[in-house]
Amino acid sequence: MAYRTMRVCARTGLLAGLASCPRGRHSRLQPLAVVVEDVPIESLISRAPALLLLAILVLLGYLALLQLDQPGLLAAGAPAAVVLALYLRSGRGGRS
Amino acid sequence: MSAPVDIGLHHYQALLTAATVFAAAHAYRKLSPFFCVSWFGAGWIFAYLWTQARPAPEVVLLPPLVFYLAAALTKGLVETRASVQGNHLVHVAMTGVLSGVVALPMIAMAGAMGWSVPRPASRVLLGVNGSWLGGPTLDGVWLWIAAGGVFYGAYKLFDHVGLSRGWQLVLLLGSTPFLVMGAEWVYGLA
């Protein structure tokens with residue numbers, strides 16, 4: 001078992017996030033320790049955004065360097081690589 | 001150096017399908033089943049109406065996936081900063097920008113491989129030509145910024161005005177033609 005701290009709205013009890021409670025503000029959110037099943041698939045799903053962006057960059061690199069021999073294509077992945085680095089350093093360890 | 005596997009259109013379509021399933025699993029587990037269905041359902045309709053290419057699987061799958069990744073990355077980046085945490089305008093603007101950033105490698109790949117992209121974009125903006133961005137123009141990035149910002153802005157609006165989930169879904173699906181018009185209007189501002 002692993003514990004994870006999530007934030008819930010103090011008024012509605014709903015989780016804060018993309019589909020958060022209607023009037024969720026950080027000042028009205030409170031931490032809640034929840035048990036997360038310590039199974040590999042859960043861990044994998046938690047990292048989906050980072051893994052998917054990484055997969056896009058790997059595919060771009062493969063096509064640019066190995067298949068098309070157009071290294072200039074890598075420039076298109078530079079902004080996304082910076083965003084991925086910032087996301088991984090944002091304190092969540094690539095989880096969301 | 002030669003590629004051990006030649007990646008073609010069908011591989012690309014299969015990868016996009018797998019990526020969409022993975023992203024939908026993330027939405028289902030980390031947010032809610034309602035979010036998963038409403039986001040990808042409305043996203044596919046939006047993509048179908050937004051595309052100017054033949055509505056092939058890849059052009060319909062790509063927009064909601066790109067917008068979802070942008071929104072999830074935004075959440076991770078913004079929610080750790082107390083100064084902008086909970087600020088919906090920052091969320092929407094950042095998701096728009098990241099839609100362009102995430103779409104850039106995808107449209108570069110598609111362009112180089114001759115695969116379909118939802119919309120062509122070839123205007124020269126701010127004097128930036130394609131060689132700076134690996135092939136696509138800045139106009140192409142702006143196109144995705146406009147679409148991602150409008151789609152996420154509308155989703156966020158319907159989610160936060162206090163409607164029931166049923167009405168949210170009806171409004172979201174019913175407004176997709178207008179969202180396409182909105183995305184075109186924002187795109188035309190540059």
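Shown for chain B: the carbon plus sulfur share of the solvent-accessible area, taken with all protein chains present and a 1.4 angstrom probe, equals 70%.
Across the range B:146-152, rounded Karplus estimates of 3J(HN,Hα) from the backbone phi angles (6.51 cos²θ - 1.76 cosθ + 1.60, θ = phi - 60°) give 4, 5, x, x, 5, 5, 5 Hz, Gly and Pro being marked x. For the residues of B:79-87, the average number of beta carbons from a partner chain within 10 Å of their own beta carbon is 4. Each label was represented as a point 7 Å from its Cα along the Cα-to-Cβ direction; for B:F34 and B:A3 these points are 4.3 nm apart. Comparing B:A3, B:A112, B:T80 along the charge dipole axis of chain B, the residue lying farthest to the positive side is B:T80, per the Cβ-charge model.
Inter-chain neighbour count for A:66-75: the average number of beta-carbon atoms from partner chains within 10 Å of each residue's beta-carbon is 6. Using a ≥ b ≥ c from the Cα gyration tensor of chain B (square roots of the eigenvalues), is it rounded, prolate or oblate, where a/c under 1.5 gives rounded and otherwise the larger of a/b and b/c decides, a/b for prolate? Prolate, because a/c is 1.5 or more and a/b exceeds b/c. Each Lys or Arg adds one and each Asp or Glu subtracts one; over the other residues with Cβ under 14 Å from the Cβ of A:Y62, this totals -2. Rounded to the nearest 10 degrees, the angle from helix B:57-78 to the longest Cα principal axis of chain B is 60 degrees. Springs between Cα atoms under 10 Å define the GNM used for chain B, and in it the highest mean-square fluctuation of B:F178, B:F35, B:F46 occurs at B:F178.
With contributions of -39500 (n - 2.57) from each DSSP H run of at least four residues, the per-residue ellipticity at 222 nm computed over chain B stands at -25000 deg cm²/dmol. Rounded to the nearest 20, the Cβ-based charge dipole of chain B about its Cα centre (Lys and Arg +1, Asp and Glu -1) stands at 300 debye. Residue separation of B:V84 and B:A25 scaled by 0.36 nm, minus their Cα-Cα distance, works out to 18.5 nm of gained length.
Dipole magnitude for the range B:68-165: about 100 debye, using +1 per Lys or Arg Cβ and -1 per Asp or Glu Cβ, origin at the Cα centre. For a Förster distance of 30 Å, can you work out the FRET efficiency between the beta-carbons of A:R89 and B:A93, rounded to the nearest 0.05? It comes out at approximately 0.90. Along the charge dipole of chain B, pointing to its positive end and built from +1/-1 on Cβ of Lys, Arg, Asp and Glu, which listed residue (B:A27, B:Q13, B:G135) has its Cα farthest out? Highest projection toward the positive end goes to B:A27. Report the residues of the range B:1-41 in range of a label on A:L54: point 7 Å along Cα→C-beta, backbone N strictly under 11 Å from it. What the label zone holds, given the 11 Å backbone N cut-off, is no residue at all.
Segment B:R123..B:L189, full-extension length gain: 22.5 nm, with 0.36 nm per residue of separation and the alpha-carbon distance subtracted. Summing charges over neighbours of B:V60, with a neighbour being any other residue whose Cβ is under 14 Å away from its Cβ, gives +1 when K and R count +1 and D and E count -1.
The values are calculated or read from the model by the stated rules, or taken from the named source; none is laboratory data. Just so it is clear, the structure is predicted and the values come from calculations on it, not from any experiment. Glycine gets a Cβ as well: all are built from the backbone with ideal geometry, and neighbour counts include every protein chain shown. Quick note on the areas: whole protein, heavy atoms, side chains included, nothing else; ligands and nucleic acids left out. Shrake-Rupley method; radii C 1.70, N 1.55, O 1.52, S 1.80 Å.
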